[in-house]
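The values are calculated or read from the model by the stated rules, or taken from the named source; none is laboratory data. Predicted, not measured: the structure shown is a model, and the values here were computed from it. Cβ placement follows ideal geometry from the backbone for every residue including glycine, while neighbour counts extend to all protein chains displayed. When the accessible area is computed, the model is the full protein with side chains, heavy atoms only, and any ligands, DNA or RNA have been set aside. Shrake-Rupley method; radii C 1.70, N 1.55, O 1.52, S 1.80 Å.
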Amino acid sequence: MYDAIYIEDKGKPTVTYIFEHFYNDSMSAASSKGMPVIRVVPEAIVSESTMREYIATEITTVFDDIISAVTRPLTAEEKSPQRHEPENPPRLVFKGNLAEVNQFFYRRGWTDGLPVIPPTEEAVAEILTGTDLPADHLVAKIEPRLGKATVETIAVNAVMAGCLPTYMPLLIAGVQAFAANPGPAMMAVSTGSWAPFWLVNGIVAADINLNCSYGAASPGDIANATIGRAMGLIIKNVCGIRKKIEDMGVYGNPGKYSFVAAENEANSPWEPLHVERGFSKDDSTITLTFPQSFQQMLPFSTDAKGILATVVGSIVPARFGLFTLVLTPNNAQSLANEGWSKQAVKEYIIKNTRVHEDYYRRLGLDAPQASEQNTFLAVSSGSEIFHPTKSGPDPVHIYVYGGFGSWMGFLQGGPSPITKKVDLPKNWVQLVKKFKNIVPNYVRY
Amino acid sequence: MEQQSTAYEVLSPWAKADPISLHGLAPRLNKVDGKTIGLLCNNKRAAPLILEITEKLLKERFPTASISRFKSQTFSVSALEKEREGEFNDWINEVDAVIAAVGD
Amino acid sequence: MYDAISIEERNKPTVSLVNEGFFNDAESASRSQGMPALRYITTKVPCESSIIADIEAGVDEVIDKIITALTKPLTAEEKVPKPKETEKPQRIIFKGTLEEVNCFFYQRGWTDGLPIIPPTEEAVKEMMTGTDYPPDHLLGKLQSRNGKTTIEKIAINAVMAGCLPTYMPVLIAGTINLIESEPGFSGYTTFGFSTGSWAPFWSINGPIRNEINVNNSSGAFSPGNIANATIGRAIGLIVKNIGGVRKGIEDMGTMGDPMKYTCVISENEEASPWEPLHVELGYKKEDSTITLSFPNCYCQHIPYSADADGILRSIVDNMPRGMRYNIVITPTHAKNLFREGYDKAKVKKYIAEHKLVTTARMQAMLVTTARQTGKGSETEFVQLIEDPRFIRVIVGGGPGAFIAHLVGGGATPGKKEIQKIELPKNWAKLVAKYKNIVPNYAKY
Amino acid sequence: MNVDKNGVTYEVLSPWAEADPIPYRGITPRIDRLEGRKIGLLRNPKRAAEPVLKVVEDRLKKKFPKASFSWFANLKPNERAIAQDIKDDFEKWVTGVDAVITAYGD
């Protein structure tokens, strides 16, 4: 909708064809840019359709509406639109028992459907001990709603998600990563159901017991479970991205519940991701990507030849965007033992994953400049699947996490990673001590 | 047993947002014949087809209208193609109204 | 460890070699089979390793231990282990504030790390209104610890997950599905535990879908709908707390998988041109059912074009390898296929016949023993999917072009894979009570 | 009993299921030596199982030249050999060996 608003602002009447199911999404986008009265014409042409006769019928059906939208005089509301939302929403919104709070929040569309901890003054005050920043400090304003991510709002959503205070520094850095460029908000609303994946590096991971080993991305660890969840709630309640209204993901993605891992730096033979991306080894960082697909495979054999052949032979080109190879420490060690650096593995994958020359033309993605100018589709027009561009110089990444097994993970899709440094509060050591022993203790049976 | 006598008083998770200035729409055309109608196309697959058919219908219905196309290589010209802003503005100046297809 | 136990029972000493990461798993398995003293040795040979030098180094390090394990006389404890302490399970386990309850349950290893609703008498009683079964009704025993699966335990875990009482019939049917799941490599007893990070995926059919608001449209797999979110979560907690499958102890998933938080969809039967999944599997349209599989991949892609050729060719090109396949396609894609004469069987047949792989790239675990391929060639192609019934086609998803795959294990034609959902007598009243709990999103 | 500032406290039921205690059995007496004995090697279908046992066989042969070896494969993961159609072969094989080394190659 942004182009249409831009053109209206230049004084030219505009009308936009919108797939009928995207009406809410478009109007939210238009409101967020200050033009809630934009004229659109809903049509029934299914996204990415290629069926000419069908499109012709649909367009003919709505053509009168198109003409009317550029010629029909404006109403008073269209000339000077009025605001929907109250300017000063209350800080305290509800009072009730646990079941009532949960139902109230769910019905307001503020949760993910799972139970929340009520964000009381007391609980929010406790979680704020995790940061030196004042509660009203503005971390970022985030598209599309331009909601203000203050430290307090982050804390409220963190309490709801079940976070411990020691996760606040990561959440603040996570918000900074999400707000770093328009890419994340675009991915979060897209039909492609891209899920934010958060990789954590540096000492903060061990300090908060973030799992980097067996089952890192499975439920069972409070840090992995609640950090991703809190970011999901922030995307909902600060960015204003709600399912079926702004988030038009066709199928959705279970990765949107929480998809968080720490890199298994201790067992990786290579420099950790944050060092590769220019941070100091002593820094802690959080890195955001938006995979659409998560594929797991066993390598054809566990030596370098087998691992690389599995990657090259199994990458699926139509799942375009960034490719991140997840290796267990064993697989990384096998490659390193045979002299492979991370960079060499990445270059090997870029050079050797190929498709037929006409592949991208058949997909309708053949404009070569598309990939040069596009911030998040690192696809090419030739036979190479991965084509480094100005905006996506590094289309292949490698993360090392997981237990001592041979499974490999393919995270596919989305724009280039965004990495932000995690700033720790002054009393970090005491804080860590206070919360570090909250871990599961499984009885033997 | 939950003792329901007292309850949780809770803070809102829904962030504040600064009120943004709201804009009205540009004045509409009084007729289409004789005007230059811009067709704006993004790079989603269905968009070119939608506009191709729209152009055909416009020409049939308004023989004296003229058509000018602009093709964006990304999903949104103004948001992402800063370097083409000049070209885009020139195009807007040339046309009297715009029909956009995002082909989502 | 099962064969080692069989051999010990036949009076032959054994020693088992396991990867060092599986120490907890081996110990848990031997205890649960009643032979806690079973001798096993952990090695540093990486899982699934095919590197001979690593294997030799790993074996050389423990060869003396292997000999000792077969020859060193038994201790008194090994001959006659102390009988297992009878667990004295308390029904009421804790008393405290919301924060304390959450912390206590998490530290006991009973949660997934997310907040729970405290399962008080009152809350469990409300949950039990969702079923006509008495609390102590025993459905069976759930692997690995053979936990007694009573209706009350299901209700307690359901409260923790945040379920509404109307989900109880679904949870009971889902749990029965796990209990009766095929032993071995097609069912829960492998996929709940294995290194492959397989996640139970539940698809719901029949009238109950709409009565409890299970999302089958945009974002069905995303957070935001209480039914999709909490039904999968509750069964995850049941697997943990009744089955005793805990991460890093019994669940040896290497990388982990967010699908284990919850992975639930219902079929959009109204908009599908085909018979729904449960009708295909022999149930009546008016029955409600829950169908189980165990994917470890979740992949999405767009079709090459919107017609049958473009949809089917893109599916064949984009499907990841697995043993069993779920393909979720939108009603629009389904209608386009239907218009060109494709029923579900024909879609499956097309995919099975066109998805080829060289025998060299065919991995043993992907096939049954009859097609074990061994070394193979780079030029000889075989069908990756030997039986089209290994593919499930589910119609769901909102507007948009994408196609989704959930691939791994599941679809066990002719064996347990689907369970009918039985409703309590007062169902209509219950539905009326809880049906309007839905999100209402403010405009901005 | 703790009561938080909201005056709310919960008395909660255990989610951890009961399980019947299984009678524990001891393991079978060991053999006194490997030399001259017949050692069974049992593999599962995981890729590393066979090469691991081959190395074990090689090392033991060097240490105990008069020991003999007998292989058995159970190629169905997590299914007991005694629960399959290979049951009879398995029973016969177990009877014929003096001790068994298994590798799960997991």
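For the reader, a short list of remarks on this structure follows.
- Residue selected from region C:280-309 under the condition touching a strand residue (DSSP E or B) at 6+ places or on another chain (Cβ under 7 Å) and either among the charged types (D, E, K, R) or over 26 Å from C:GLY322 (Cα atoms) (or both), by the criterion surrounded by the most Cβ atoms within 10 Å (Cβ to Cβ): C:SER288
- Single residue of C:PRO46, C:PRO36 found to be outside any helix (DSSP H, G or I), within 12 Å of chain A (Cβ to nearest Cβ) and at pLDDT 80 or above: C:PRO36
- Qualifying positions in region C:310-322 - buried (at least 24 other Cβ atoms within 10 Å of the Cβ) and either touching a Phe, Trp or Tyr at 6+ places or on another chain (Cβ under 6 Å) or more than 23 Å from C:LYS335 (Cα to Cα) (or both): C:GLY322
- So D:VAL56, is it touching a Leu at 6+ places or on another chain (Cβ under 9 Å) and open to solvent by less than 10 Å² (accessible area, probe 1.4 Å): yes
- From the options C:PRO223, C:PRO183, residue that is free of Cβ contacts under 8 Å to residues at least 24 places away in the same chain, at the interface with another protein chain (Cβ under 10 Å from one of its Cβ atoms) and buried (at least 24 other Cβ atoms within 10 Å of the Cβ): C:PRO223
- Answer residue from region B:53-74, given it is part of a helix (DSSP H, G or I) and facing chain A (nearest Cβ under 9 Å) and is farthest from A:MET186 (Cα to Cα) among those: B:ARG61
- Criterion violated by A:CYS239 - all others in (1) in a loop (DSSP other than H, G, I, E, B); (2) at the interface with chain C (Cβ under 7 Å from one of its Cβ atoms) satisfied: (2)
- Lone unmet requirement of (1) at pLDDT 95 or above; (2) out of contact with any Pro (no Cβ under 9 Å at 6 or more places or on another chain); (3) more than 14 Å from chain A (Cβ to nearest Cβ) for C:ALA404: (3)
- Selected residue (criterion: least open to solvent (accessible area, probe 1.4 Å)) from residues of region A:239-284 that are β-branched (Val, Ile, Thr) and within 30 Å of A:GLN333 (Cα to Cα): A:VAL260
- Test: residue in region A:13-25 that is under 22 Å from B:TRP14 (Cβ atoms), out of contact with any strand residue (DSSP E or B) (no Cβ under 7 Å at 6 or more places or on another chain) and touching a residue at least 60 places away in the same chain (Cβ under 8 Å): yes
- Restricted to region C:265-359, the set of strands (runs of 3 or more DSSP E) holding at least 1 residues that are more than 14 Å from C:HIS405 (Cβ to Cβ) comprises C:289-301, C:356-358.
- Residue count for region A:136-155, restricted to those that are in contact (Cβ under 8 Å) with a residue 40 or more places away in the chain and within 10 Å of another protein chain (Cβ to nearest Cβ): 10
- Selection count where residues are part of a helix (DSSP H, G or I), open to solvent by less than 10 Å² (accessible area, probe 1.4 Å) and either of a type in the set (Asp, Glu) or at the interface with chain A (Cβ under 10 Å from one of its Cβ atoms) (or both), scope region C:193-220: 0
- Any hit, region C:107-123, residues being outside any helix (DSSP H, G or I), modelled with pLDDT of 90 or more, among the polar types (S, T, N, Q) and within 24 Å of C:MET35 (Cα to Cα): no
- Flag for A:MET168 being assigned to a helix (DSSP H, G or I), within 19 Å of the chain's Cα centre (by Cα) and either free of Cβ contacts under 8 Å to residues at least 40 places away in the same chain or buried (at least 17 other Cβ atoms within 10 Å of the Cβ) (or both): yes
- Residues within region A:65-85 that are open to solvent by 90 Å² or more (accessible area, probe 1.4 Å) and without any contact (Cβ under 8 Å) to a residue 40 or more places away in the chain, tallied: 5
- Of all residues in region A:282-321, those that are part of a loop (DSSP other than H, G, I, E, B) and touching a residue at least 40 places away in the same chain (Cβ under 8 Å) total 15.
- The set of residues in region A:144-155 that are in contact with a Ser or Thr (Cβ under 7 Å, 6 or more places away or on another chain) and part of a helix (DSSP H, G or I) contains only A:VAL151.
- Residue list for region D:16-55, filter: among the aliphatic types (A, V, I, L, M) and either part of a loop (DSSP other than H, G, I, E, B) or within 16 Å of the chain's Cα centre (by Cα) (or both): D:ALA17, D:ILE22, D:ILE27, D:ILE31, D:LEU34, D:ILE39, D:LEU41, D:LEU42, D:ALA48, D:ALA49, D:VAL52, D:LEU53
- Any hit, region A:36-48, residues being more than 27 Å from the chain's Cα centre (by Cα), open to solvent by 40 Å² or more (accessible area, probe 1.4 Å) and not polar (S, T, N, Q): yes
- Residue match in region A:42-52 (condition: modelled with pLDDT of 85 or more, within 29 Å of C:ALA442 (Cβ to Cβ) and either within 7 Å of another protein chain (Cβ to nearest Cβ) or assigned to a loop (DSSP other than H, G, I, E, B) (or both)): no
- C:GLY248 over 12 Å from the mean Cα position of the chain (by Cα) and surrounded by fewer than 24 Cβ atoms within 10 Å (Cβ to Cβ): yes
- If you go through region A:103-118 and keep only what is crowded, with 24+ Cβ neighbours inside 10 Å and polar (S, T, N, Q), you end up with just A:THR111.
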